Amino acid sequence: MATFDVIIIGAGPGGYVCAIRCAQLGLKTAVVEGRDSLGGTCLNVGCIPSKALLHATHQLHEVHENFEKMGLMGGHPTVDWAKMQAYKEDVVSGNTKGIEFLFKKNKVTWLKGWGSIPEPGKVKVGDEVHEAKSIVIATGSEAASLPGVEVDEKVIVTSTGALAMEKIPESLVVIGAGVIGLELGSVYARLGTKVTVVEYMDKIIPGADGEVIKTFQRILAKQGMEFVLGAAVKGAVVQDGKASVTWAAKKDGKEASVTTDAVLVATGRKPYTAGLGLEALGVEMLKGMVKIDGHFRTSVPGIYAIGDAVPGPMLAHKAEDEGMAVAEVLAGKHGHVNYGVIPGVIYTTPEVASVGQTEEMLKEQGRAYKVGKFPFMGNARAKAVFQAEGFVKIIADKETDRILGCHIIGPAAGDLIHEVCVAMEFGASAQDLALTCHAHPTWSEAVREAALACGDGAIHA
Ligand code: NAI
């Protein structure tokens, strides 16, 4: 048995970042993690391995689509799937070992095993019970199940199985046109798989900016992805190594089915809190999520919760920010997360990124706004590298010019968005961005041009 200031349960982006910050602030810190490697879903079976496959398949796409246009002739590589998988595993282990190094550097103790909370102030790992003044639940989430669709992680897979398929399927039905469905769907589409995405709503990435949605769907369709919208998947049955998927159209209930080599279930995730003993402790829950107050406190004194286990977007960076903020709270400081400025990124090609409000949200609020939009067609750098599809759209308050949101579809959108995030954190106006010198030729000029378009007009449009 050992005694700590803080024990964090779960070593994903929320938990490990929280642990490092706690240690930096002088707290004796331990993290309970049952996986063989640190980093949680994100590093092991989520963000990081998917980015490796997205990168590899993007390179393949570039070779096939653009190399000859640049005078690079004769390059038609074939895919060695086992080698691509090995590359992905290398990327994962490099990153997870990096967290182990950071734990050692910061003197964070890794308690190996699955943890539970037998009583406030105590955490049980295997046969040992450890003591802590504070406990932070950072146990993340798992794929939500879909009635009538039984996941076997071979033919019918979640994102975890989709990252490690035995072979590249000839056909794939993706259930759900959200972030996971479109990212992994585009990996396989680039590998030559016939990808059909079935989505319950009438549009892909529901909740995103309407214009982004239209452009994004057009581009993905051009890349070979097929969409069946407004259709609810009713079931999937596996027979002889193939799956038969059935869906019903929302408008008239008409059913259709298709036989496919693989099915990816990407219909959302749910908090993972099983086995912690929260019910016995009387920790209040809210629709399956751990209920917290503005200081990440659960209903039981001394127990805190962050990340995917609590309400809010299920994003690694949101969990990281909460991890740092709760560490500050535990160290007697003032931890804070600005939930109004949390970017969202889809790592397809082109990338899609957004922060703040959409036009649709502002219309609903009845708030007067103006829009500055700039197409990447007017951006020299984007045109030079065959990435001139898409646009930057900045939304600002009609009266004050204060930036309220930004929506980008285009090259490096996931990086460009952060200029706007910083601007929003400082309460900047669109004019502040427009007056900031941007290096030429960069993609970031498109952000400035969109800001200029909120005022007297963009130069290159
Ligand atoms: P999601 O919530 O983004 O999308 C699920 C989609 O499935 C929705 O559009 C929904 O309408 C649809 N759907 C639900 N039931 C259906 C049915 N029976 N038939 C047809 N369609 C149905 O969930 P997703 O993509 O699984 O992602 C889970 C979480 O992980 C999200 O919170 C996401 O933000 C996060 N994530 C974020 C990434 C990123 O930031 N790049 C990458 C991967 C995941």
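The values are calculated or read from the model by the stated rules, or taken from the named source; none is laboratory data. Computed from a predicted model, the values in this text were never measured in an experiment. Every residue, glycine as well, gets a Cβ built from its backbone with ideal geometry; the counts of neighbours run over all protein chains shown. Quick note on the areas: whole protein, heavy atoms, side chains included, nothing else; ligands and nucleic acids left out. Shrake-Rupley method; radii C 1.70, N 1.55, O 1.52, S 1.80 Å.
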* **Interchain or long-range residues, amide H under 5 Å from L404's placed H** => I395, A396, D397
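Note down the magnitude of the dipole of region 15-75 about its Cα centre, charges +1 on Lys and Arg C-beta and -1 on Asp and Glu C-beta and zero elsewhere, to the nearest 20 debye.
Around 380 debye, computed over region 15-75.
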* Asked: Using 0.36 nm per residue, how much length does the chain from L281 to K97 gain when fully extended, once their Cα-Cα distance is taken away?
  -> 62.8 nm
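For the chain, what percent of Cα pairs sit more than 30 Å apart?
For the chain, the share of Cα pairs beyond 30 Å comes to 52 percent.
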* In nm, to one decimal, how far is the D202 label point from the K383 one, both placed 7 Å along Cα→Cβ? -> 3.7
* Got a number for carbon plus sulfur as a percent of the chain's accessible area, 1.4 Å probe? -> 53
* Cut-off 19 Å (backbone N to label point 7 Å along Cα→Cβ of H64), residues of region 182-205 -> 182-197
* Asked: Where in region 28-95 are there GluC sites (Glu not before Pro) that are in a DSSP coil and have at most 15 other Cβ atoms within 10 angstrom of their Cβ?
  -> none
* Asked: Not counting the cut sites, what is the longest span of the chain without trypsin sites (Lys or Arg not before Pro) that DSSP labels loop and that have at most 15 other Cβ atoms within 10 Å?
  -> 1-106
* Any number yet on Rg/Rh for region 156-267, C-alpha, Kirkwood? -> 0.95
* Structure fact -> Residue-normalised 222 nm signal for the chain, counting each DSSP H run of n ≥ 4 as -39,500 (n - 2.57), nearest 500 deg cm²/dmol, is -10000 deg cm²/dmol
* To do: Calculate the all-directions average of the projected area of region 341-450's alpha-carbon convex hull, and give it in nm².
  => 6.3
* Structure fact -> Low-density loop chymotrypsin sites (Phe, Trp or Tyr not before Pro), region 141-241, at most 14 other Cβ within 10 Å, DSSP non-H/G/I/E/B, are none
* Structure fact -> Of all chymotrypsin sites (Phe, Trp or Tyr not before Pro) in region 374-461, the ones in DSSP coil with at most 10 other Cβ atoms within 10 Å are F426
* Per residue, in Å², the accessible surface of region 233-376 once ligands and nucleic acids are set aside, probe 1.4 Å -> 50
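Can you give the FRET efficiency for K242 and T160, using 1/(1 + (r/R0)^6), R0 = 22 Å, r = Cβ-Cβ distance, to the nearest 0.05?
Computed FRET efficiency for K242 and T160: 0.60.
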